[in-house]
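Here the structure is laid out as structure tokens; the discussion comes afterwards.
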Amino acid sequence: MLLKLARRTATEISPRLLAKAGYLWIFKAMRTMRVYRRRAKRGELSPPFLMLALTNACTLRCRGCWIDTGGSPSSLSAEQVDAIIASGRRNKTYYYTLLGGEPLIYPGLWDLLARHGNCYFQIITNGISLDKAAAARIRKLGNVTPLVSIDGMEEQNDARRGPGVFQQVDRGLRNLQQEKILYGIATTVTGANFDEVMSDEYVQHFIDRGAMYLWYYIFRPVGADPAPELCVPAEQVTEMRRRLMQLRRKHPIILIDTYWTAEGQAVCPAALGLSCHIGPRGSIEPCPPLSFARETVDDGDLYETIRGSEFLTGFQKFVTERTRGCVILEHPQALAEYIRSQSAVDYSGRDAVAEIDAGTSRNSHHLPGEEIPEDYWVYRFLKKRLFFGMGAYG
Ligand code: SF4
């Protein structure tokens, strides 16, 4: 697999873009991780990565999405984004995930990316706006890796994302491929699409489209239309782990999960303080599905605010006292009570506390006794040194 992956990387991706990713995404991020680990040892919350929801405006209405796209859209201002990144840089953070809504329709996107040329941006996009012009701009900038959301082949994907979406996004992937851009696919695994998205054919389809990584997420039943029937039962979660390891040995593409350590132990990135989510109204939240906060980016220097946040540090403690997995799935009522007890503001545009409180407790990716360690040295190394946690969770 490794030789094939090296050949793909050398022949399918622009050398300039590879060099930029190597320096800005990998080399600089590993330095950031040293700072994070040092501060974590002191009990200081200093996230090495940040997720910025530039806007909640979107071009799709996917089933089970937690973003409130109704009413007039909210967006971060250019000044707010610059202040976030300035504080980030002072704390050695150079890698930012831009999401939404749909970040490719954010008015100041291209200027933002050009203005911060010494930072690296992963853009989580629904792929609808990936026309030839957008692909050419991404190539020219060089400090961007698109992560395109697709949740199955045509039928499965369009059942959640809308009719015609799969074909339109597939054309977008060809545009990225033609420009030799380093990009990935983000797939949310549900009980419904499980067999399809955890198959050789599915992985091979995106290798043929030039994707270099495939990032698997597990469905969370949140939002106005939580679709709990799409949740992944425990036996499928364990099977997902097994299949991931089989697919990783076979296919020349990096298959990513942010759920398990190299030893197969579950992790919650928010509980580890690996990142915070900045909402489109400037709220500083634990993670994307939890649109609650006590502080905003307008309260002062971002990292000072995060370090001083009782809500965020309290959330870490709240999670680690209960699970290694996801409290949204496992402890919805306790989570709703925690949010109320902290008088956190609900930035969802709905009554999201009531939605969580109405949830049913169920399994997450933390299945004690079912831990399966990585059995392939490549992924043991990546999990320990390079993956999302960059060695944060070993
Ligand atoms: S609370 Fe759940 S969704 Fe949020 S970071 Fe933790 S595992 Fe992920």
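The table for this structure:
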| quantity | calculated |
| --- | --- |
| DSSP-defined antiparallel bridges as percent of all bridges, the chain, nearest 5 | 20 |
| Point-to-point label distance, Ser199-Glu12, nm (Cα→Cβ direction, 7 Å offset) | 2.0 |
| Sorted largest first, extent of the chain alpha carbons per principal axis (Å) | 54, 47, 44 |
| Descending principal axes extents, the stretch 264-359, alpha-carbon based, whole Å | 35, 31, 21 |
| Pairwise FRET efficiency - Met30 versus Glu321, Cβ, R0 = 25 Å, nearest 0.05 | 0.25 |
| Between the stretch 234-278 and the stretch 131-147, the alpha-carbon center distance in angstrom | 27 |
| Computed Kirkwood radius, in angstrom, where 1/r is averaged over Cα pairs of the stretch 134-227 | 14.0 |
| Loop-located GluC sites (Glu not before Pro) in the stretch 240-312, at most 16 other Cβ atoms within 10 Å (DSSP) | Glu263 |
| The stretch 7-84 and the stretch 197-229: distance between their alpha carbon centers, rounded to Å | 19 |
| Flagged links, alpha-carbon separation over 20 Å, of Lys28/Lys250; Lys140/Lys180; Lys317/Lys383 | Lys28/Lys250; Lys317/Lys383 |
| Burial ranking of peptide ranges 153-164, 100-111 (average Cβ count within 10 Å, highest at the top) | 100-111, 153-164 |
| Within the stretch 146-187: backbone nitrogen closer than 15 Å to the Glu229 label point (7 Å, Cα to C-beta) | 159-160 |
| Helix-derived mean residue ellipticity, 222 nm - over the chain, DSSP H n ≥ 4, -39500 (n - 2.57), to 500 | -11000 deg cm²/dmol |
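Just so you know, all these numbers are worked out from the coordinates, no wet-lab data involved. These figures come from a predicted structure and were not determined experimentally. Cβ sites come from the backbone with ideal geometry, for glycine too, and all protein chains shown count toward neighbours.
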